[in-house]
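> Okay, handing you the structure first.
The values are calculated or read from the model by the stated rules, or taken from the named source; none is laboratory data. Quick caveat: nothing in here was measured; it's all calculated off a predicted structure. Cβ sites come from the backbone with ideal geometry, for glycine too, and all protein chains shown count toward neighbours. We work out accessible area using only protein heavy atoms, side chains counted, and drop any ligands, DNA or RNA first. Shrake-Rupley method; radii C 1.70, N 1.55, O 1.52, S 1.80 Å.
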Amino acid sequence: MKEVPISTCEREFILKAIRDRKRIDGRQTYDYRRLKVSFGMERGCCIVELGDTKVLAQVSGKIEEPKKNRPTEGSIIINLELSPMASPAFEPGRPTESGIEMNRILERNIRDSRAVDTESLCIVAGEKVWSIRADVHVLNDEGNIMDAASIAAITALAHFRRPDVTVMGEEVTIHSPEDRDPVPLSVHHMPVCVTFAFFDQGEFLLVDPNRLEERVMDGRMVVGMNMHREICTLMMSGGMLLVKEQVLRCSQIATVKVAEIIELIQKALDKDAQARQAGDKCGFAESVPANKITTNKKEPTLIDTTAAAQQASQVIQEAGPVDKPMSNMIVQAPGTVQIGEGLVNTWQVDDEDMESEEEEESRKKSVTNGREAVATSKPTERKRPVKAGEGIVSHADDSGSEEEEKVMLYQGDAEMKSTEDSTALQQPSNSDKPAKKKGKKKKAAQK
Amino acid sequence: MAAEDTLLRSIGCEQNLLSRPDGSANVTQGCAEKLQERLLRNTCESVVLATLHPRAGINIVLQVIQDSGSLLSCCINAACMALMDSAVPMKCLVSAVTCALTEDGQIVLDPDSKQEKESSAVLTFAFDSRESNMITCSTKGCFTPEKYQECLSACGEASKNISSFCRQSVEKRMSKELKVKM
């Protein structure tokens, strides 16, 4: 969906306010919005709220083979996803140009600046290394996704714990979290991005633009910096020209802001560490604020299910006898079963495009025992009459795939009779629990 | 049945927390993707009065923040709350409950991931809030028809609990507005 264009009067209003050194949400020029960092129950999961912009980061680790030219280094992968939840302008799947740009900045900021030590991720040189992956999902876009995403990514990496590994000669043992405490990643420094928005060809600048200010700005500059006043990333975009003094001024402002932000992140990490040690409940369920009108919470409740068993047996009795499932199955070969004899076709249609489907209703007799059965209130399966004189052969395709069970229906070799016959499909009405098989494949009839 | 087997874990919800989408809900319950998408879609389709919005598309985007069991029922509950929050006209509210059948035939309501893994069957039911009729059912594993009916009744009871929670949340949220109008 395309973004709704901003109206001219809105644009003029915002610009005029900025020229008067005012911001529409009441902040000062260099003020950040309220920053809140919360962690999930799992290690490496964190949500960052910068004003109304909400970003979720999740870190996971896998053991893989290292790159050929760097056999002793693990890898860090950062993936930024702009979900359609965040803004109707984002489309699922395909990343937009700005999305790719932001992804690159994040990667440069964290990976190329060596914020996380990759040499410590090596297990066996040349064979096994840890590959750490940080997925950043944008949940709500109210401006300045870049900063929120960078805070979320580095905080999640600092929060993450990977399983402990010991190497004894040739043997590599990965300890489960119950055996040995997981080990934190070695984070050297925390690079955080600060975004500056420029208006009137660089004459006015704002820190942490919100959504409307972003729509109106001429260009922006992203400065990625850490506690030690080292610039890790510098990026300017928007097609405007900046003077050297402006760039230096921005980096000085960034020093102050970054120090504040990192202090806040540290506090949040410490608080979470304390809570985990004390055995308190932690996670997003706990961080739902209790005194807001839009939140509600309910304690664990006991459900009285004593009546359930009696009700159940009553229902079964009232339901009456189940129609007997078809028991005339002929096993043709291992894995190939023929059900029914097939009936005569009354349509007198040409054979070439006839397709036939068959529905199996009994789970006990079904070949898909133990697979998922899905029943919804809308039956979507179409039923076609069966071809004349040909048996329906069901062949369970055991290709080892767990997801789909393909049922290929072959037509037997009998000739087609042209006699008219009732073409009732052998479908005993068992309305109790209609079961459908997943992923059925129709095979065109062969003469 | 033992006390802990029929325990519904604590439920929390937050509504209208995202500013960009028309409606949003964050549902926490306690603590096979395309199929689940289809299920959710069918459930919502049967409940939403789509004829009141011709030529309009309703996008439901779900983000799993944490999966500690009963994922599907949590998704259905979250989708229903978000639809409600965005003021889409619906026939009724949907409340979904998951239950697991252990090896020795015990029914465990609202299982966590460990219980789900050790069970012989996991069944998820979605009920409507007005007459407690079943809207959707999704099962994994083998079980007898008797056990199925038992699970159905047990989940029916639990779903009443969840729909009363939904109702409470909305009442709480609208309480300020109602006061002002009066």
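> Can we say B:K114 is open to solvent by 70 Å² or more (accessible area, probe 1.4 Å) and in contact with an Asp or Glu (Cβ under 7 Å, 6 or more places away or on another chain)?
Working: open to solvent by 70 Å² or more (accessible area, probe 1.4 Å): yes; in contact with an Asp or Glu (Cβ under 7 Å, 6 or more places away or on another chain): no.
No: the conditions fail for B:K114.
> Checking the structure you have, find out if any residue of segment A:143-162 is part of a loop (DSSP other than H, G, I, E, B), open to solvent by 30 Å² or more (accessible area, probe 1.4 Å) and of a type outside the set (S, T, Y).
no
> For segment A:7-46: of the residues being touching a strand residue (DSSP E or B) at 6+ places or on another chain (Cβ under 6 Å) and within 14 Å of chain B (Cβ to nearest Cβ), which is surrounded by the fewest Cβ atoms within 10 Å (Cβ to Cβ)?
So, considering only residues that are touching a strand residue (DSSP E or B) at 6+ places or on another chain (Cβ under 6 Å) and within 14 Å of chain B (Cβ to nearest Cβ), the one surrounded by the fewest Cβ atoms within 10 Å (Cβ to Cβ) is A:K36.
> Could I ask something else about it? Quick one: A:A86 ticks every box in (1) at pLDDT 90 or above; (2) in contact with a strand residue (DSSP E or B) (Cβ under 7 Å, 6 or more places away or on another chain); (3) of a type in the set (A, V, I, L, M) except a single one, so which number is it?
All conditions pass for A:A86, except number (1).
> So is A:R108 open to solvent by 60 Å² or more (accessible area, probe 1.4 Å), out of contact with any His (no Cβ under 7 Å at 6 or more places or on another chain) and closer than 23 Å to A:T195 by Cβ or not?
On the way: open to solvent by 60 Å² or more (accessible area, probe 1.4 Å): yes; out of contact with any His (no Cβ under 7 Å at 6 or more places or on another chain): yes; closer than 23 Å to A:T195 by Cβ: yes.
In short, yes.
> Can you tell me which residues in segment A:36-55 are part of a strand (DSSP E or B) and within 16 Å of A:A158 (Cβ to Cβ)? Break it down into steps so the answer makes sense when it comes.
If we filter segment A:36-55 for residues that are part of a strand (DSSP E or B), which is where we start, we get A:36-39, A:45-50, A:53-55.
The answer is A:V37, A:S38, A:F39, A:C45, A:C46, A:I47, A:V48, A:V55.
> Got a sec? Which of A:S131, A:S120 is within 16 Å of A:V165 (Cβ to Cβ) and within 22 Å of the chain's Cα centre (by Cα)?
None of the other options fit; the residue is A:S131.
> Kindly evaluate A:D304 against the criterion of being within 10 Å of another protein chain (Cβ to nearest Cβ), open to solvent by 50 Å² or more (accessible area, probe 1.4 Å) and modelled with pLDDT under 95. Break it down stepwise before answering.
On the way: within 10 Å of another protein chain (Cβ to nearest Cβ): yes; open to solvent by 50 Å² or more (accessible area, probe 1.4 Å): yes; modelled with pLDDT under 95: yes.
Answer is yes for this residue.
> Now a separate question. Which one of A:G61, A:G51, A:G99 is at pLDDT 90 or above, open to solvent by less than 40 Å² (accessible area, probe 1.4 Å) and away from chain B (no Cβ under 14 Å)? Break it down into steps so the answer makes sense when it comes.
Values: A:G51 fails: away from chain B (no Cβ under 14 Å); A:G99 fails: at pLDDT 90 or above.
When all the criteria are applied, what remains is A:G61.
> What number goes with the only condition from (1) among the charged types (D, E, K, R); (2) surrounded by 21 or more Cβ atoms within 10 Å (Cβ to Cβ); (3) touching a Phe, Trp or Tyr at 6+ places or on another chain (Cβ under 9 Å) that B:E150 does not pass?
Every condition holds for B:E150 apart from (3).
> Out of segment A:320-338, which residues are at pLDDT below 70 and either of a type in the set (S, T, Y) or touching an Asp or Glu at 6+ places or on another chain (Cβ under 6 Å) (or both)?
Passing the criteria: only A:S327.
> Now, a different point. Taking the residues in segment B:154-167 that are at the interface with another protein chain (Cβ under 7 Å from one of its Cβ atoms) and open to solvent by 20 Å² or more (accessible area, probe 1.4 Å) as candidates, determine which candidate is farthest from B:A100 (Cα to Cα). Write out each step before concluding.
Step one: of segment B:154-167, the residues at the interface with another protein chain (Cβ under 7 Å from one of its Cβ atoms) are B:154, B:157-158, B:161, B:165.
Among the residues that remain, those that are also open to solvent by 20 Å² or more (accessible area, probe 1.4 Å) are: B:157, B:161.
Values: B:E157: 15, B:N161: 18 Å.
Only one residue tops the list, namely B:N161.
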